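This report refers to the structure that appears directly beneath it.
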Amino acid sequence: MAVSQFLSKPLQKRTILVACSAKKMVELVSGLEAMGGSVLPFPVIEAQAIEDNHLLDASLASLREYGWIIFTSAYGVSFFMQRLRERQFGANLQDVPKICAIGPATAGAIREFGYEAALVPKQFIAEGVLEALGKYYGGLQHLAGLRILLPRAQEARELLPEALTAAGARVDIVPCYQTVRPEMDRDAVRQLREKKPDLIVFTSSSTIRNLIDILGQEDGLRMLLESTVAVLGPVTGKTAESFGKSADIIPEENTVAALLKAIGEYYGSRQ
């Protein structure tokens with residue numbers, strides 16, 4: 001094998017376990033295989049609609065009253081927009097002055113429904129949203145009295161709504177979907193136990209917790225600690241640390257493209 005070909009395939013002869021949602025799986029698997037990796041797709045999380053939509057419906061009926069809608073995930077965009085179309089409210093997103101998307105993937109999901117995000121922070125985490133809003137208004141104190149809609153998962157970090165509320169904003173937290181652990185194929189679990197991966201890729205805190213739950217505490221922790229670990233962002237990295245594992249690979253940006261690049265550079269530097 002030529003040196004140039006070897007360097008272009010930094011994951012050659014390596015097994016990579018990808019623990020994520022189906023939404024991110026396709027891009028990750030494609031990118032990792034392009035680098036020569038043998039990929040074990042392992043969907044450990046999926047998004048589902050919630051049964052009780054009364055809060056969501058109430059917010060959709062009064063969109064004109066909000067100054068901002070802040071979307072913190074592409075899933076939030078999808079379930080919010082689908083409900084908006086299903087209910088066929090007279091109000092629509094054109095009645096809302098501004099939309100904030102936590103990152104480019106979320107902004108792209110908004111664009112698919114025909115709208116544009118007015119604000120996308122440089123850091124694709126809750127802290128980044130706060131920083132971006134602070135710069136936009138010349139200080140978070142200027143959010144006082146502003147009504148903000150936050151459509152999100154049923155369970156999510158409280159940092160963003162708490163900080164916005166502390167700044168004086170009126171925040172409506174509206175669950176529009178839930179993340180659940182899917183039923184796993186027993187053969188897939190058995191194969192995973194038999195073949196230890198060289199690298200595990202996690203895309204959220206839930207994917208780490210769910211993988212450990214699926215494999216069992218003892219086996220899950222052993223695999224986590226004995227493998228190289230790549231995570232999509234510092235929040236997921238902190239979750240790995242809570243289980244005793246410091247993430248080996250954390251991209252500069254919370255995007256799949258940046259994660260793939262970081263993985264390639266990590267293994268490329270070791271060849």
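The values are calculated or read from the model by the stated rules, or taken from the named source; none is laboratory data. Model, not experiment: these values are computed from the prediction. Cβ placement follows ideal geometry from the backbone for every residue including glycine, while neighbour counts extend to all protein chains displayed.
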State the number of residues belonging to the stretch 34-55 that are assigned to a helix (DSSP H, G or I) and closer than 17 Å to TYR266 by Cβ.
-> 1
Residue count, the stretch 258-270, condition small (Gly, Ala, Ser), farther than 12 Å from VAL201 by Cα and touching a residue at least 24 places away in the same chain (Cβ under 8 Å), comes to 2
Exactly one condition in (1) surrounded by fewer than 14 Cβ atoms within 10 Å (Cβ to Cβ); (2) within 24 Å of VAL256 (Cβ to Cβ); (3) in contact (Cβ under 8 Å) with a residue 12 or more places away in the chain; (4) among the charged types (D, E, K, R) is not met by LYS122; state its number.
-> (3)
Count of the stretch 87-117 residues which are at pLDDT 85 or above, of a type in the set (A, V, I, L, M) and either closer than 21 Å to VAL256 by Cα or part of a helix (DSSP H, G or I) (or both) = 7
Quick one: which residue in GLN123, GLN141 is in the same structural domain as VAL77 (by TED's automatic domain parsing) and within 19 Å of the chain's Cα centre (by Cα)?
-> GLN123
Please indicate, with yes or no, whether at least one residue in the stretch 180-200 is of a type in the set (Val, Ile, Thr) and over 28 Å from TYR266 (Cβ atoms).
-> yes
Within the stretch 106-118, restricting to residues that are surrounded by fewer than 17 Cβ atoms within 10 Å (Cβ to Cβ) and hydrophobic (A, V, I, L, M, F, W, C), the one that is farthest from TYR136 (Cα to Cα) is PHE113
Would you say VAL180 is closer than 19 Å to LYS24 by Cβ and either out of contact with any Gly (no Cβ under 8 Å at 6 or more places or on another chain) or β-branched (Val, Ile, Thr) (or both)?
-> yes
Among helices (runs of 4 or more DSSP H) completely within the stretch 191-271, the ones holding 1 or more residues that are β-branched (Val, Ile, Thr) are 205-215, 234-242, 256-268
Answer from ILE148, ILE69 - the residue that is touching a Phe, Trp or Tyr at 6+ places or on another chain (Cβ under 7 Å) and surrounded by 20 or more Cβ atoms within 10 Å (Cβ to Cβ) = ILE148
Would you be able to tell me the number of residues in the stretch 138-181 that are assigned to a strand (DSSP E or B) and either among the aliphatic types (A, V, I, L, M) or in contact (Cβ under 8 Å) with a residue 60 or more places away in the chain (or both)?
-> 17
Could you tell me whether the stretch 239-257 includes any residue that is more than 19 Å from VAL44 (Cβ to Cβ), touching a Pro at 6+ places or on another chain (Cβ under 8 Å) and surrounded by 14 or more Cβ atoms within 10 Å (Cβ to Cβ)?
-> yes
List the number of the failed condition for ASP185; all other conditions in (1) in contact (Cβ under 8 Å) with a residue 24 or more places away in the chain; (2) outside the structural domain of ALA126 (by TED's automatic domain parsing) hold.
-> (1)
Output yes when any residue across the stretch 63-86 is farther than 25 Å from LEU164 by Cα, at pLDDT below 90 and not in a helix (DSSP H, G or I), and no when none is.
-> no
